[in-house]
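Quick note: the coordinates plus some simple rules give every number you see, no bench work behind them. Fair warning: this is a prediction, and the values are worked out from it, not measured in the lab. Cβ placement follows ideal geometry from the backbone for every residue including glycine, while neighbour counts extend to all protein chains displayed.
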Amino acid sequence: MKYIPTIGIECHVQLKTKTKLFSEVDNDARGKEPNSCVSPVCYALPGMLPRLNGEAIRLAILAGRAMNCEINPVSRFDRKHYFYPDSPKGFQITQFYQPIIGPGYVELPSGVKIRIEHAHLEGDAGKLTHFDTYSLVDLNRVDTPLIEIVSMPDIHSSKDAHDYCKELWRLMCHAGVTYGDLYNGNMRFDINVSIAPEGAKELGTRAEVKNLNSFKAVERAVEYEIKRQSKLLDAGEKVVQETRGWDDGAGKTTGQRSKEEAKDYRYMPEPDLPPINLSSEFIEEEASKLPLMPSDYRKKFKKIIREDIIEILLDYPELMRKIEELSQSGKESQLTAISNLFVSVLLAEEKSVEYLNDLPSAKDLIELSEMNEKKELSSTATKEVFLRLFDPQMKGRGAKNIAKELGLIQENDLGALEEIVDIVLAKPETKKAQDDFRAGEEKVIGFLVGQVMKESKGKANPSAVQDILRKKLA
């Protein structure tokens, strides 16, 4: 029997505010000691009241607009009660009844649109690390501001699930609302997967797989669940509604707890935080700060930069912003050349992540591409000068000056090149190669070009040299 999968995805996005959602304590705990980024509010000490971080509201507006969502002028916080060691309060402050972000959609590179039901603002819980006989609690993550993005069940393949998560990650990174560090959990995905026979009017029983932190894991987990649930139904068994975990090494999901009965979280309005009232003017003012999004870059550069190159560059907002800057003064051919250098040379470097924080100026990059266009630099020399532009000791010297210092500028004076060619052709050791070429052996031209390059100390333009050799040997 053929089954149709239906997938809904919840994504938790940590916002990159300087301080936490409800207290004035460091929000970036990456690489820091456990329980070092905490306050009495995080510990839920008696009498400690939450104080709302206004920057989280601004970032939520940007996130919402990046997903083509409505921003609700009135939203409020609620208490979600549950008892767990990583939540000292005994409840989570979230938005259940009136979230700040309303309906919208995310458009995938393929053109498929995935609807967003809503996204709400909340404080994160802490982190538990489990050992054989005990567990340790790290409260650094408590009250880190999150938006939880809830999609509609519009996804019907593992590929679209992968592409949706990746596009969502790109949108959040380009909007500048998160660090986007998947390894450190800045974005986490929960997937709900169900299957139903083709033509069925109702969806099947869903299983939820929680805390996936890579696009590949999302894709593999969806594929595994579709196969697992299909086997159950084919055998006449039922799919149990449950929460499952993902074992990346084994490539499979495992049951954790049943969800057949909805858990009563006893939601109630948060008494210590008033409703959030946003004027339309404030919403539009903040939304106007949204920079160019991936779809904007695709439309603007689709006829200039190859699609596969654009899709790689879109993973690096800093590079796309630099390409946009270059487009203000550079030619289309230069945008193409610099884009190729970013992908094939820069991103291949071990220090590429460090380099992204301090990219060369648009002026230096345009000067480099102009030198390449004029054949003043070979392709190899162009790559070398390009990398030197990232060297702190070479900062501000300019591409041309760096090329001169390194002795990489090619000789393009045809008169001077002809003199060098004549010197090489007059040497006895090149006589046989000349005769072989005249006899029809094309490949020996490479040997002769190499001899000219050697005579010119590598400064001759190889293509110009080959033209001169062919004319003289004709």
Checklist entry - Which longest uninterrupted range of the chain lacks any GluC sites (Glu not before Pro) assigned by DSSP to a loop state (not H, G, I, E or B) and surrounded by at most 10 other Cβ atoms within 10 Å? => result 1-197
Item to check | Residue-span extension gain [K331 to Y134] - 0.36 nm each, minus C-alpha spacing | outcome: 64.7 nm
Item to check | Three principal axis lengths of the stretch 414-473 [C-alpha, angstrom, descending] | outcome: 28, 21, 16
Item to check | Spin-label proximity, A235 to the stretch 1-28 - amide N less than 19 Å from point 7 Å beyond Cα toward beta carbon | outcome: 1-3
Checklist entry - Using the Cα atoms as the points, what is the convex hull volume per residue of the chain in Å³? => result 229 Å³
Checklist entry - For K383, which lysines qualify as cross-link partners when the Cα separation must be under 21 Å and same-chain residues fewer than eight apart are set aside? => result K322, K331, K351, K363, K374, K375, K395, K400, K404, K454, K457, K459
Item to check | Proximal lysine pairs, the stretch 116-230, alpha carbons under 16 Å, eight or more residues apart or interchain | outcome: 4
Item to check | Estimated 222 nm signal from helices in the chain, with DSSP H stretches of n ≥ 4 weighted -39500 (n - 2.57), rounded to 500 | outcome: -11500 deg cm²/dmol
Checklist outcome for this item: The base-10 log of I(q)/I(0) that the Debye equation returns for the stretch 92-181 at q = 0.12 Å⁻¹, one scatterer per C-alpha, is -0.51
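What number in nm² do you get for the stretch 5-82 if you take the convex hull of its Cα atoms and divide its surface by four?
On the way: hull surface 33.0 nm².
Over all viewing directions, the stretch 5-82 projects a mean Cα-hull area of 8.3 nm².
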Checklist entry - Could you state the principal axis extents of the C-alpha atoms in the stretch 3-281, from the largest down, to the nearest angstrom? => result 57, 53, 35
Item to check | DSSP beta bridges in the stretch 132-271 [antiparallel fraction, %, rounded to 5] | outcome: 75 percent
Checklist outcome for this item: Diffusion coefficient in µm²/s returned for the stretch 40-121 by Stokes-Einstein, Kirkwood Rh over C-alpha pairs, 20 °C and 1.002 mPa s, is 147 µm²/s
